[in-house]
Amino acid sequence: MGNKGSNFQKSNIQSNEKTKMKNRKTLFDLEERTKDFFGRVIDLCKKIPVNPITKRQIEQLVASAGSIGANWCEASECESKKDFVHKVKISRKEAKECQLWLFGIKRCVNNLDEECDDLIAEAKEFVYIFTSIINKVQK
């Protein structure tokens, strides 16, 4: 009997460790995903002809795209729940802002529709992910 109990405890501990590893992997994956998004935005912006209409949009898009990941990194290192939620809300706000700037660029530069649409879709997913995280933490 003692052997079965220790096997159960061992199994339960292993299960908890797997859950912790999965949570760490999810955090890391979101870090990588936001970093990848930022890189894709930079690559897109290199293709945009700079003129008085696009100049400000490029600057704003790059800033907001980078801010998504930067604030997520800060959130993952926060020491309080309140600060964590605040940083995640900033990431969500920046993801929403990216959608607007990408829409503007799509209107200004005709041959980048597909790339802009893909990035808009990714930014929308970030909004959904961050909203879900905020809702779970605030429960």
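Name the single residue, out of those in the stretch 46-62 being free of Cβ contacts under 8 Å to residues at least 60 places away in the same chain and surrounded by 15 or more Cβ atoms within 10 Å (Cβ to Cβ), that is farthest from Ala95 (Cα to Cα). Give the steps one after another, and end with the answer.
Step one: of the stretch 46-62, the residues free of Cβ contacts under 8 Å to residues at least 60 places away in the same chain are 46, 50-62.
Now drop any that are not surrounded by 15 or more Cβ atoms within 10 Å (Cβ to Cβ), which leaves 54, 57-58, 60-62.
Details: Thr54: 19, Gln57: 15, Ile58: 15, Gln60: 12, Leu61: 10, Val62: 11 Å.
In this case the residue turns out to be Thr54.
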Given (1) within 18 Å of Ile120 (Cα to Cα); (2) within 10 Å of the chain's Cα centre (by Cα), index of the condition Ala70 fails: (1)
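Regarding the stretch 96-112, can at least one residue be identified that is closer than 19 Å to Asp29 by Cα and touching a Ser or Thr at 6+ places or on another chain (Cβ under 7 Å)? Break it down into steps so the answer makes sense when it comes.
We begin by selecting, within the stretch 96-112, every residue closer than 19 Å to Asp29 by Cα; these are none.
No - not one qualifying residue is present in the stretch 96-112.
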Subset tally (residues that are at pLDDT 95 or above and farther than 18 Å from Asn135 by Cβ) for the stretch 75-103: 8
Any hit, the stretch 15-31, residues being modelled with pLDDT of 95 or more, over 19 Å from the mean Cα position of the chain (by Cα) and small (Gly, Ala, Ser): no
Among (1) modelled with pLDDT of 95 or more; (2) closer than 20 Å to Lys46 by Cβ - the single one Asn111 does not satisfy: (1)
Contacts under 7 angstrom Cβ, first residue in the stretch 115-131 being of a type in the set (S, T, N, Q), partner in a helix (DSSP H, G or I), 6 or more apart: Thr131/Arg92
Residues of the stretch 86-121 classified as over 13 Å from Leu61 (Cβ atoms) and within 13 Å of the chain's Cα centre (by Cα), total: 8
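The values are calculated or read from the model by the stated rules, or taken from the named source; none is laboratory data. What you see is a predicted model; the values in this text were computed from it and never measured. All Cβ positions, even for glycine, are placed from backbone atoms using ideal geometry, and neighbour counts span all protein chains on display.
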